[in-house]
Each structure stands twice: as C-alpha cells, then as structure tokens.
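Please treat every number below as a calculation from the coordinates, not as lab data. For clarity, every value in this text was computed on a predicted model and none was experimentally measured.
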Amino acid sequence: MLRQHTLTICESRPIGNLQWVAFTAPQLAAHWQAGQFLQIICDDEGRTQRVLLRSTFPVHVDVRLGRIGIAVPTLADDGWAWLARQPLDTQVVCYGPQGKLPQPLAERGTALCIGQGEAGLRLLGIVSALQQRHVNTTFIAGDIQSAWQIPTQLVPTDVEYLAGSENVLRIAEKRLPELLRWADTIYVAATIPVIHTIRQLLRHTRLRAGRSITFVHVTGQLPCVSQSCQQCRIQTRHGPRLACQTGPWYDIHELL
C-alpha cells in the first residue's frame, strides 16, 4: 500500500535553471531517512492524460520546521514546470517515502559522493544529511546539462563541490584514487558503465583500513513503485531486482 500525503507549498523560487519548492509536511519530515524519494502528482496542462507521477529525491529536510525542499528542472519536464508555477499554499498530493539506504549514514568520518547528470540532484539530500552529521564530504557532479546544473547555493558551504559538464570521473581524475582511499563511505548515483568503472578503481586502489563501504543508485526512471511497469529492473548477484522495491540503493558489489 502506497502511503499518500498532502503537502502544502510554503516556498517557491528559481535558483539558476532549477526551481526550489519547499513544502510544509511535519509528519513526513519527522520520519524521513536520507536517500528516500517521493512521487509527486503533477499536472500536464497540454494533454488529455493530465496526471503525471514524478519521482524526486528531496534536497533538504528540516525536522524542526517540518519542511521538505526539492529542486526541480523546469526546462526538462512539463510536470515540474507545472509545479513551479503553483502559488504558495497550493496543496499537492504525493506518495512515499520510498526506498532507503542499506544502512544509516555515519555520524562522523569522511564521505565521497559522485553524481552523474541529473543524478547529481538525487544525491543532494544525502550530501545535506552528511553535512548535518559533521561528516567531511566531497561532492563530484559531472555530465551535467544546463537544465540540471546544480547551483552552489544548494550545496552546503563546507562541502567540497567539484562540478562540470565533462565526464564525471574526469572532473577529479588526478585526485580520484586519493579520494577513494580517503573516504570512509562512498555514494554513487550514475549509469551502470560509470558504476562498473568505479568498482574497478576500488579493486585497484589500496583503501584505507583495507575497505570502504560503497552504496550505488543506478540512474533511471522510477515511474510507478508498484512493480507493474518493470522499468527499474536491474541485475544483481541475487537475480533481477526492482529498484523501486528493493533499492534504489545497493552495495556496489551486489550489482553485476
């Protein structure tokens, strides 16, 4: 059974090519876990089929104020463009939260976050949560088109942020082995080829204390979270899995 919530827009403003939209949602914020995503019902005013279900990973969750903030690419999607036009106090229906990390975020230590293309936005909530837990964090975002460009205002000020339109692994190419050794935990949101490359680098890099924990999210659509569309199917060492049901985050060594 999908959990339905009614969110109220309390803030909406452009930040670069993205639109920052914050909702009042005390109950949802209180039970939030880093890495989870929501499915928001949007409208498509130009078509007969008007209800659109859009998956989003919150950028920031404020338990004290009971707010959840998302950043949506209005240039890339009609549903998000509709949401960006809604006035304050508009009520929006959503389902979730869905998914979770295989284990809770560490309270201290070091973390490396790598996001490819639009998946950089999916990592921002984890980056923010790590910063709140005083984890020393480096965030790499690459292969970014203009519609998905992440402004520095959305990244916590004490997080090292490396970004660009070039290949995500080339942005910190000379430093990558050093960063892989440095990080206690690594979070990757990317395509399968990039994930496989990182796994090879991990195998050939002598990790501090012999090991680091690496969680990955294979980018792609999460259209239904009801097992009906099968579009989020991925291959693991335990057979095919649906990311909307058993993920979307996995240990990097679980994937084929």
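What the table shows:
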read-out	value
Contact order normalised by residue count of the range 4-98, Cα under 8 Å, 6+ apart, percent	41
Rounded tilt (10° steps) of 192-204 against the dominant C-alpha axis of the chain	30
Degrees separating the helix 119-132 axis from the principal Cα axis of the chain, which is the longest one	80
Computed helical MRE - 222 nm, the chain, DSSP H runs ≥ 4 contributing -39500 (n - 2.57), nearest 500	-5500 deg cm²/dmol
